[in-house]
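Here, each number is a calculation from the coordinates, and none is a lab measurement. Quick caveat: nothing in here was measured; it's all calculated off a predicted structure. Here Cβ is always computed from backbone atoms with ideal geometry, including for glycine, and neighbour counts include all displayed protein chains.
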Amino acid sequence: MKESYLNGQFFNRLETLSLNLRADLRGYFGGKHLVKTYGQTVEFADYREYQLGDDIRRIDWNLYSRFEKFFLKLFTDERQMQIQIFLDCSGSMGKDNPKKSAYAVASAAAIGYLAIHNMDKVSFNIMKGDRANNPFGTIVGKNSFFRSISQLEEVEFEGDTDIASCITNCPEGGSSNGLSVIISDFFTDSDWKKAVDYLLYKNRQVLLVQIMTPEEDEPTYDGRVNLIDLEAEDIEDPRNMKIRITRSMQMAYEEALRDFKNDMKTFCNKRGVDYISVRTDVEIEKMLFGELLKVGIMD
């Protein structure tokens, strides 16, 4: 039986949060996100002088009686956004570690639920090989969301994933209309940075969620071990090896992992991309209410 974090209590706790997206995204009419343009909501924003061709029904006649000039009332505009969630379903994300895959699915479900709760559209893109498959289509409304989530928990994590190809070949999603989230450990030979740059070219807001196990973050192995690459196709794959783990090798791994994370942070900071790195031994509520609040993606 697969592990699962998803239940009624989990989703009920999320209802105190909301997605905080950039105001310069355009989105679609009918949502809850305030944007920089003016629209037709009931919330007053500003005045401007009347110009030929403006709707005379928006003239403030009280101001005209005082200044003998025509001024229009301007109201805030609220838009519906398209939230894309790209879930890495490669073997390293949970083939032999059901807690890691369950954590990844719960992270995707939590962000998706916040999108639906805030009247946004959401899509779950399952990344395997060089393609991102969207088995549920564009999801609008909680009924469709919960039907999709029950199937999302049954996804198998296996093989390898080319993140760059999966995202650059994804046909859905327009420009400047919402948030794209990549959930992965990013332990891949593929050029994930190319995928991020592609999404930024499409003027999407981007969030990277890196998920690791405690063993990946702080390995404690020593002595002779068999290292098996979970994304290898067979036991004879050259990525599989038998080695003797020494303290110097552990230190080298720690340094390499530290450099890898710092490179991710530097890359994301330069491009204005939100990035969090979490371990599966951290309660998922702490990740949602802590790390995502820190980067400002939720409020």
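Annotations for the structure displayed:
- The phi torsions of the stretch 90-101, fed into the Karplus equation with coefficients 6.51, -1.76 and 1.60 and a -60° offset, translate into couplings of 6, x, 5, 8, x, 4, 10, 9, x, 5, 5, 5 Hz, rounded to whole numbers, with Gly and Pro shown as x.
- Rough spin-label spacing in nm, given labels placed 7 Å along Cα→Cβ, for M249 and K286: 3.1
- Set of the stretch 87-103 residues, backbone N closer than 17 Å to the point 7 Å along the Cα-Cβ line of F260: 88-97, 100-101
- Estimated FRET transfer efficiency (D191, E215; beta-carbon r; R0 30 Å; 0.05): 0.70
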